[in-house]
Each structure stands twice: as structure tokens, then as C-alpha cells.
1. Output the direction-averaged projected area (hull surface divided by four) of the convex hull of the alpha-carbon atoms of the stretch 154-202, in nm².
2. Using DSSP to define loop residues, name the GluC sites (Glu not before Pro) in the stretch 59-135 whose beta-carbon has at most 16 other beta-carbon atoms within 10 Å.
3. Stokes-Einstein diffusion coefficient for the stretch 38-95 at 37 °C in a medium of 0.692 mPa s, Rh from the Kirkwood formula over Cα pairs: what value in µm²/s?
4. With a sphere of radius 9 Å drawn around the Cβ of Glu130, what net charge do the other residues whose Cβ falls strictly inside it have (Lys, Arg +1; Asp, Glu -1)?
5. Where a ≥ b ≥ c are the square roots of the eigenvalues of the C-alpha gyration tensor, would you call the stretch 122-189 rounded, which needs a/c under 1.5, or, failing that, prolate if a/b is larger than b/c, or oblate?
6. Quick one: net charge around Glu103, please, counting Lys, Arg +1 and Asp, Glu -1 for every other residue with C-beta under 12 Å from its C-beta.
7. Counting Lys and Arg as +1 and Asp and Glu as -1, each charge on the Cβ, what is the dipole of the stretch 150-248 about the Cα centre in debye, to the nearest 20?
8. For the stretch 109-242, what is the accessible area per residue in Å² when the probe is 1.4 Å?
Amino acid sequence: MKKPSIDFTELKKRRREIIVPLALMAGLLVAIFIVVQFLGRAERVTIDETLYQYIFETADVYSDGVTMKKDEDSVLIDYGHQTVTSSGYPLYFQGQDKLILTESFLYLQRDGNTGGKVSYFTEITALGNETFQLDDGANTTLKGGMLHNGGDVFIFLEPATVEYNGKTKEIAEFSYVVCFQGQSILIWSYGDEEAVLEDLDGSGASVMMENGIEVDVANDVYYRANGTKYLLFTDPDIFDPVSTAQEE
């Protein structure tokens, strides 16, 4: 009986037709995996260092660090004993002149112009003399001014004076003020052991910055040195990153 002839050229061709698509599919899956891993890291960060923040008069210290995750609408912070939605309070590194943002903030420059967005999870290091460096991949440097999360939280990058309830309080650069819907105020001056937390008496609250800008933290407006009034923006994410905005 005659053995059937085998066309090895045809077999090789068919094998190549099968292997090439499989190789392309495998490469595509690897690429997708890498992208997913990258985005996962970008939207989640763990700090294994001691952090602290002032929500009330005394500091809350997180000796084991925290994990933060960005979801569609907010940032979730896992403190170890509980997970909460961020209210915008920054977290400071113990023993370092550095903080990490828990929400995106809009940068207001010393001249009163908007300088772009500083994204959540950005670490900011105080270099002295009202100069601050961002770990945004571009080593962007900020000089004085203010950061605002579009809500209740204001971080001041230069010395300022807070006026509230007929009182005044001087705050250092790298301090923050939180005004809760115009009803109460938290003031923490960087380096102080305790913060001030008081209900407002109805007369409002404002912060006079060293550069002459006055920020009405109770009503979310600010005045340039010439008296011109401006509304503060409520959504930092509509702006370009600060490094890009400063190049324009």
C-alpha cells in the first residue's frame, strides 16, 4: 500500500499561521498587564513612614503609615484601624519638612494668578525661604503662594496672618487652615504642638498673605493687593498640572 505523501512546506505554513497570531496575542496580554500594573500603582500609594495631621487641636500620629487609594469620586485613606474618605487634610512626614496631598489642589501664585493643579499623592518638600519642591516627575518648584483643594482646605506656602472671631494668629509657611462651610475654623501653624479649633461668631474669617493677597476662607473668595475680588475655583482637576501650566 502506498504511503500518503506529506507536504512539509504546507505544514510549516499552517503552523506559522497559528503561531504568529498566538504570539501577537501573548504580547498584547503582556502589554495590557503592564499597563494595568502601572495604573494600579498610580492610583494607590502606601507610605511606610510615620505620618501626622491635625484634624482637631492635637496631632493624630500614624506610626505605621497609611495606604491611600483613588477611586472614581474620592481618595480613600486606610489608617490601619479604619478607612475613611479624604477631606483634604494633608499628611506630614514626622521628622521631615515634607507632606503628601490627599486630594488634588490648585496652586495660587504669589501674583494671584492660578498656577495649575498639584495632583493627589504628590509629595511636597519645604526647601526653606518659601520654596517648595514637588515629586511630580519634573521636580517642579513653587515659590510662595497658596494651595486650595476647591473645598475647605488651604495650605499656605508663605507666612500669613489669620483673622477670626476678633483675634489674629500668625502662621508660618507650610501651615494650613480649614474652614468648615463658614461655621468653624481649624488653624495649624507648621511646627506648633497644637492647632486652634473654634466655632466662628458670624463675623467671618480671612487670611492675609505676605504677598498682599487676602483670602476670605469663609466665603471662598480672595482679593489681590489692588482690591480686585476673585472667586476661588471649586475643582482643581479641570486645570493642567502645575509644571505644564507654568511653562505656558
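The values are calculated or read from the model by the stated rules, or taken from the named source; none is laboratory data. Since the structure is predicted, the reported quantities are computational estimates derived from the model, not experimental observations. Don't worry about glycine lacking a Cβ; one is built from the backbone with ideal geometry, like all the others, and counts go over all protein chains shown. The area values use the complete protein model at the heavy-atom level, side chains included, leaving out ligands, DNA and RNA. Shrake-Rupley method; radii C 1.70, N 1.55, O 1.52, S 1.80 Å.
1. 3.1 nm²
2. Sites meeting the loop and neighbour criteria: Glu72.
3. For these conditions, the coefficient is 274 µm²/s.
4. Details: positive: Arg110, Lys143; negative: Glu158, Glu173, Glu210.
Net local charge, Glu130 excluded: -1.
5. On the way: a/c = 3.43, a/b = 1.75, b/c = 1.96.
The shape class here is oblate.
6. Numbers: positive: Lys70, Lys117; negative: Asp73, Asp152, Asp235, Asp237.
Summing Lys/Arg as +1 and Asp/Glu as -1 gives -2.
7. Numbers: 4 positive and 20 negative charges, 69 e Å.
With only Lys, Arg, Asp and Glu charged at Cβ, the dipole is about 340 debye.
8. 44 Å²
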